[in-house]
Amino acid sequence: MLDRTVGLLGPNGAGKSTLFNIATMSSRRSEGDIAFYGQSIYSGAGAQVEVGLCPQGNPLWEFLTVTEHLELLAQLKGLGPRTASEESQKLIRLLGMEKEAQKFPYMLSGGNLRKLSTAQAIIGAPRVAFFDEPSVGLDPENRRRLWSVLRLMLNQRENGIVMSTHRMDEAESVCTCLGIIVCGQLFAYGSPTLLKRIYGKGYRVYLKLQRGLLQDNRCMSKLILNHGSGKIPGDKVPGEPFRTEANICRIRRD
């Protein structure tokens, strides 16, 4: 993947978080290899130091303040004390957390905990940063602020971002290419425009029924819509399409 910003979409359990955990060596691989800039993360040459991670949870130290979290991680990634302090204060300002700078995690709201986890992934200028649903719990204003910080990070540094999300607006705002993961497999990959053109028009379901099986069209439509988000349509004559918000279904009978 040569694109610098890649978004991963997929249902819960598709394997997005597992992929991130393996890529950052938080989970064991079953097979295969992962390389950043041509260097395997399993080579023991310190490639993982070049990686940042914002997981779904918020892995924070209970008795370190926001500032201390960032300064500690910056120094662990090789920055000197003064540079670590400067970078930490810059991120705190960009994320609008000045009032929370000296607070402990238990004093923060859910949205500010998420912003701190995002800042931890960015601090130290990693060459690749993974964000697992970074905007969960953020209000619209702070969500847009977070997106702006990620775009600024890309503009100022030669690095890459891989982000998982369920929000198409988030993916389009930050990512130049999107991947769709289903059951642990990459189902599709391309630009947001391309994927919307191919998959953004909904889908069709054709059912061919045996004689005497579910003769009531409305009963069949309810069965289908139990797995979707559309509204149950009115009674239709056999063979006429059922149009819903999420599905276009046609029932055929032998």
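Values quoted throughout were computed directly from the atomic coordinates according to the rules given, and no laboratory measurement underlies them. Remember, it's a predicted structure, so these values are computed and weren't measured experimentally. We place every Cβ from the backbone using ideal geometry, glycine too, and count neighbours over all the protein chains shown.
Residues of the stretch 124-163 falling in the label zone of TYR199, defined by backbone nitrogen less than 16 Å from a point 7 Å along Cα to beta-carbon, are 163. Among the GluC sites (Glu not before Pro) found in the stretch 142-201, those both in a DSSP coil and sparsely packed, with 11 or fewer other Cβ atoms within 10 Å of their Cβ, are GLU158.
If R0 is taken as 25 Å, the Cβ-Cβ distance between LYS103 and SER26 corresponds to a FRET efficiency of 0.40.
So, by mean Cβ neighbours within 10 angstrom, what's the order for 84-92, 100-108 with the highest one leading? Kindly include the intermediate steps, with their values, before the conclusion.
On the way: 84-92: 18.6, 100-108: 15.0.
Order by mean packing, descending: 84-92, 100-108.
The stretch 156-172 and the stretch 109-127 have their alpha-carbon centroids 14 Å apart.
Among residues other than ARG157 whose Cβ falls under 11 Å from its Cβ, what is the net charge (Lys/Arg +1, Asp/Glu -1)?
Details: positive: ARG4, ARG127; negative: GLU158.
Local charge sum for ARG157: +1.
In terms of the mean number of neighbouring beta-carbon atoms within 10 Å, the peptides 131-137, 17-23, 148-154, 28-34 order highest first as 131-137, 17-23, 148-154, 28-34. Per-peptide packing, taken as the mean over residues of other Cβ atoms within 10 Å, places 56-68, 112-124, 175-187 in the sequence 112-124, 175-187, 56-68 from highest down.
Can you give the net charge of the other residues whose Cβ lies under 13 Å from the Cβ of GLU50, counting K and R as +1 and D and E as -1? Please report the intermediate quantities before stating the final value.
Working: positive: LYS77, ARG127, ARG157; negative: GLU158.
Result for the local shell: +2.
Work out, step by step, the length gained on full extension between LEU186 and THR18: first 0.36 nm times the residue separation, then minus their alpha carbon distance; give nm to one decimal.
Values: separation 168, 0.36 × 168 = 60.48 nm, distance 1.33 nm.
Extra length available between LEU186 and THR18 comes to 59.2 nm.
In this rough spin-label picture, where each label sits 7 Å from Cα along the Cβ direction, the LEU76-GLN56 distance is 2.2 nm. Toward the positive end of the charge dipole of the stretch 5-197, with +1 on the Cβ of Lys and Arg and -1 on the Cβ of Asp and Glu, the farthest Cα among PHE131, TRP61, PRO105 is that of PHE131. Taking amide H as placed 1.01 Å from N in the peptide plane, the amide H of ALA188 sits under 5 Å from that of ILE180, each at least 5 places away or on another chain.
Computed from phi, the 3J(HN,Hα) profile of the stretch 93-108 under the Karplus parametrisation 6.51, -1.76, 1.60 (θ = phi - 60°) reads 5, 4, 8, x, 10, 4, 6, 9, 4, 9, 8, 8, x, 5, 9, 9 Hz, with x in place of Gly and Pro.
Taking the Cα centre of the stretch 105-197 as origin, sum charge times position over the Cβ atoms of Lys and Arg (+1) and Asp and Glu (-1), and report the length of that vector in debye to the nearest 20.
On the way: 11 positive and 8 negative charges, 30 e Å.
Value, rounded to 20: 140 debye.
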